[in-house]
Amino acid sequence: MEIVLTHLSSDFDGLGATVAAAKLHPDALPVLQSQLDASVRAYADLHKDALHLVEAELIDLQKVNRVILVDTRSPKRLGRFEPLANRPDVAWEIYDHHPRQPGDLPGAAPAPRAGSATAMLVAELERRAIALTPIEATTMALGVYADTGNLTYPSTTPTDARAIAYLLANDADLAVVNEFAQTPLTPAQRELLDELSQATPEEHHGLRTLVVGASREDDLPGLAAVAGKLEKLLTLDVLLMAVQLEGDRLQIVARSASPAVDLLQVLVPFGGRGHTQAASAHARGVPLDTAIATLRRRLLAALPTEPSAEDLMSAPVRTIPSDTRADEAHARLVQTGHTGLLVTEDGRVVGLVSRRDLDRALHHGLAHVPVKGFMTRELVTVAPDAPLSEIQALLVAHDIGRLPVMRDGALLGIVTRTDVLRVLYARQEASRRAVKRALAEAADKLRTLWPESWRSLVEQAGETAGDRPLYLVGGAVRDLLLGRRNLDVDLVLDAPAIPFAKELARQFPGTKLTPHERFGTAQLLLPDGRKLDVATARTEYYTHPGALPTVEFSSIKHDLTRRDFSVNALALRLNPTHFGEVLDFFDAGADLASGALRVLHNLSFVEDPTRLLRAVRFERQLAFRLAPESERYALAAMHTGRFDALGGERNKVEWRRLLSAPDPLPAIRRLAELEALRLLDPAIAPDTTTWALLTRARRLFAILGDRPEAWRWLTYLTILLHVVRRDRVQTLLQRLQLSQEDQQVVLGGLAAAERLSEETDWPDYPPAARYHLWEEFSGPARLYAALTDTPRGRRTFIEDWRQLQPVRLHVSGEALKALGLPPGPRYGEILRAVLDARLNGEVATPEQERHLLERLAREK
């Protein structure tokens, strides 16, 4: 018998990896361990039949001859399956992403490095093109998200991000992921969080740390969730949380945002397991105070030693006397390449003069003036033992580029901003090398992911450009580096684009060329339907916040600077001699690796607030997250209030894209977090009623099947606007530049809801009466009205939709004309009477319809 097995107290990563391994090994039984985290147990109980999970107690150990082990290598964590580790007749295949520990089982399946065991297995599923059900994909997505902190933990790798992209392509349901991954704290967990949050963090070597403990008389599951909340609440870099539980048990949860702190080493005395930056441990018989003292001592020993000012400084320091003329000091700076000089009098440092000060002095004709006349006298200095974190903080706080290192008034050396950056960037060099490797693989990915027809097209474009630099830009490059196919091809030329577009069009007979002289752009539509856009490299600026940009022709770097996020500001060279070279001016490669959406400057959302809507859309589409600083910029832009009830075509397009998604609820929830719903109207703050309507709408669309996109987005838009005063709604819709037809849909939906609230007994109407009630409103208006009604009303609506809406008569006005009845209002009256009889079940066949029609015609 073959089984797939994970550890006791399995989290979602263990469950997701179990399901993934069972897909790779279809002859193995996926085993559900007896001890699971509470949220995992709730999910597993609901889905175990669909996932074919087998309870651990039902496995006969004597019959097991092969184990596929996931998310652990430790036999001590296998519960009743531990004896299998000592049996020579049992073969093992291991998929685990944790560092190896003493006592682990040997061997591991070759797999890419990842922050979650599930992602390692999903990479193999994708390579083999193994089909997944939506429930399987959702379970695996839960595993990846849970062990990577929604792709935000430092241990997250591109493998994890690619796994999420693949699972979303296989219909993973993020609404379900959000429901189970965001399980709220229980009252007991909340009480513990409140207690622990009173502790005071400590600063060590530039890291904000906390070692904290508590005691509980009963068992308390879910301590990892409490640690996660505490870590965010107190903005900690390192957390060691120890809790004494019933039965003299000690449970430790450790989290670190710094890769320099190895938590597994810190937890060695307690048998720590997990990752270097996310670990846990269990012990018995260890007093809480002893554990806290041990953890604090080992943490301090494990913290990285920061370089001091003495380590970083340059010496000896170039100085000039205070009576040195400005032009002489300027010449000295030019010769040495420095950006500032310390000024001395009688051997004492009395000030500092910068290159900027000297440039201004010469500009104002003060070349002959001694530097003591305009030097900076209030020097900021540091002691030789000042750590790097203190130096960095002083440089930022005082906006200066250098710090003299002093001891007892004596000048020992100087530390510059360049010295600090050299150390910081050296720490990041390993990750930067990985990013560079990924960028260097772009050409290979294009040839692998893109169809031959598209590859040849862009290669031909590069050849046509000759020595004029031509680039593929935007989302196509971003997705290429993420391993995704995106054939939305935008080309940028560092030369006039329209003449080039004409040259390229001539090489493909039948191509339709549409130039836009004003913007220096052109669109090519090839006979086979392929489309590409070509633009001259350009820059843009905004005359006022929220305005449309003013465009000027410029360079490729300036062209990329105008993009919304760093990950969209990439360019791939297409000229044959440089094919595949990637321009990354904004460190987008690192953002792709970490799953971060980062704006290019701090006023980005002020210049174009619709970027916030795009940010949320990209978060959903790419499984990325706004970088913390970019999120602060977004909130600051919203807090100004100047973008409340923002109008315009671009705003409408972004709302339509967001609300047309199969499940827009997570995006709406995220917009509420970012206070961006006020872009529609400041009165919109989703309450319980709104969320109930949104949830019903999602269920209703699932029941009724696909409808035109406009129905979906206009229904969700109507729900969001139901809290807005009616006299403001129409103004808002006009400001959004909705068509008259779409405006009537929203206004009609609100009116239909009011109508149903007045006719509370409408579900008891005869079918024909209900049919004509619905006919008063457009399709989306009917949907919204049904959402606001009672459960019985919604059921009746669904039944009517399925049974009454498709009804069509077999007779028409032509039959009345053939009977000799003169055309007129009587035609409509007769046909409606026949339709009502059909709806009410009084006639059922085409022949009965015809007989009734003839009788009514004679009576008329």
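For region 782-838 and region 464-526, write down the distance between their C-alpha centroids in whole Å. Their Cα centres are 52 Å away from one another.
Looking at region 321-383, the trypsin sites (Lys or Arg not before Pro) that sit in a DSSP loop and have at most 15 other Cβ atoms within 10 Å of their own Cβ are R377. Per residue, the accessible area of the chain comes to 46 Å² when a 1.4 Å probe rolls over the protein heavy atoms.
A Förster radius of 25 Å combined with the Cβ-Cβ distance from A818 to E842 puts the calculated FRET efficiency at roughly 0.60.
Using Cα pairs under 8 angstrom and six or more residues apart, how large is the relative contact order of the chain, in percent? Numbers along the way, then the final one.
Working: 1400 pairs, mean separation 49.8, N = 860.
That works out to 6 percent.
Each of S314 and V723 was given a label point 7 Å from its Cα along the Cα-to-Cβ line. The distance between the two points is 5.8 nm.
I'd like the distance between the alpha-carbon centres of region 250-270 and region 116-156, rounded to an integer number of Å. Cα centroid to Cα centroid, the span is 25 Å.
Of the listed residues T689, T514, the order by accessible area with a 1.4 Å probe, largest first, is T689, T514.
What does a probe at T133 reach in region 23-39, counting residues whose amide N is under 17 Å from the point 7 Å along Cα→Cβ? The answer is 23-32.
Of the options V606, L674, Y43, report the single residue whose Cα projects farthest towards the positive end of the charge dipole of the chain (beta-carbon charges: Lys, Arg +1; Asp, Glu -1). Value computed over the given set: V606.
Report the relative contact order of region 123-173, percent, no decimals, based on alpha-carbon pairs under 8 angstrom and at least 6 residues apart. Present the calculation step by step, with values, prior to reporting the outcome.
Values: 42 pairs, mean separation 28.1, N = 51.
About 55 percent, as a whole number.
Fully extending the segment from K557 to E378 would add 60.5 nm, taking 0.36 nm per residue of separation and subtracting the current Cα-Cα distance.
Summing +1 for each Lys or Arg and -1 for each Asp or Glu among the other residues whose beta-carbon sits under 14 angstrom from that of R162 gives +1.
Each label was represented as a point 7 Å from its Cα along the Cα-to-Cβ direction; for R855 and H282 these points are 7.9 nm apart. Here the accessible area of the chain is 50 percent carbon and sulfur, with a 1.4 angstrom probe and all protein chains present. By how many degrees, 0 to 90 and rounded to 10, does the Cα axis of helix 288-302 deviate from the longest principal axis of the chain? It is inclined by approximately 70 degrees. To the nearest 10, the accessible area of S9 is 60 Å² with a 1.4 Å probe. Pairs exceeding 29 Å between alpha-carbon atoms, taken from K23/K531; K531/K652; K531/K557; K445/K531: K23/K531. Shown in residue order for region 831-848 are the 3J(HN,Hα) couplings computed by the Karplus curve 6.51 cos²θ - 1.76 cosθ + 1.60 at θ = phi - 60°: 5, 5, 5, 5, 4, 4, 5, 5, 5, 7, x, 7, 10, 9, 10, x, 5, 5 Hz (x for Gly and Pro). Peptides 57-63, 231-237, 210-216 ranked from most to least packed, by the mean per-residue count of other Cβ atoms within 10 Å: 210-216, 231-237, 57-63. Computed with a 1.4 Å probe on the full set of protein chains, the accessible area for D173 sits at about 60 Å².
In plain terms, the chain from K232 to Q101 could stretch by 44.3 nm, reckoned as 0.36 nm per residue minus the Cα-Cα distance. In this simple spin-label approximation, E754 and T339 carry label points 7 Å from Cα along the Cα→Cβ vector, and these lie 6.4 nm apart.
Does the chain classify as rounded, prolate or oblate by the C-alpha gyration tensor (a ≥ b ≥ c root eigenvalues; a/c under 1.5 gives rounded; else a/b over b/c gives prolate, otherwise oblate)? It comes out oblate by the Cα gyration axes. Derived scalar couplings between HN and Hα for region 442-453 equal 4, 4, 5, 5, 4, 6, 8, 8, 8, x, 4, 4 Hz in order, rounded to whole Hz, by the Karplus curve 6.51 cos²θ - 1.76 cosθ + 1.60 (θ = phi - 60°), x for Gly and Pro. Residues M375, M313, ordered by accessible area of protein heavy atoms at a 1.4 angstrom probe radius and largest first, appear as M313, M375.
Roughly how big is region 104-204's charge dipole about its Cα centre, with Cβ charges of +1 (Lys, Arg) and -1 (Asp, Glu), in debye to the nearest 20? Intermediate values should be presented prior to the final figure.
Values: 5 positive and 14 negative charges, 107 e Å.
Magnitude of the dipole: close to 520 debye.
Cα centroids of region 61-100 and region 598-628: 45 Å apart.
Taking each DSSP H run with n ≥ 4 as -39500 (n - 2.57) and averaging over every residue of the chain yields -14000 deg cm²/dmol at 222 nm. In order along region 677-693, the phi-based Karplus estimate (6.51 cos²θ - 1.76 cosθ + 1.60, θ = phi - 60°) of 3J(HN,Hα) comes to 5, 5, 4, 7, 6, x, 6, 7, 9, x, 9, 4, 5, 4, 5, 5, 5 Hz; Gly and Pro are listed as x. Ranking T845, T695, T209 from most to least accessible surface, computed with a 1.4 Å probe over the protein chains only, gives T845, T695, T209. Note on E203 and T689: with the Förster distance fixed at 45 Å, the Cβ-Cβ geometry gives a FRET efficiency of about 0.45.
When +1 charges are put on Lys and Arg Cβ atoms and -1 charges on Asp and Glu Cβ atoms, the dipole computed for the chain relative to its Cα centre reaches about 1440 debye. Seen against the Cα atoms of the chain and their longest principal axis, helix 326-336 is set at about 80 degrees.
Once all protein chains are placed together, H52 keeps about 130 Å² accessible to a 1.4 angstrom probe.
The values are calculated or read from the model by the stated rules, or taken from the named source; none is laboratory data. Because the structure is predicted, anything quoted here is derived from the model rather than measured. Here the Cβ is made from the backbone with ideal geometry for all residues, glycine too, and neighbour counts use every protein chain on show. Surface areas here come from the heavy atoms of the whole protein model, side chains and all, with no ligands, DNA or RNA. Shrake-Rupley method; radii C 1.70, N 1.55, O 1.52, S 1.80 Å.
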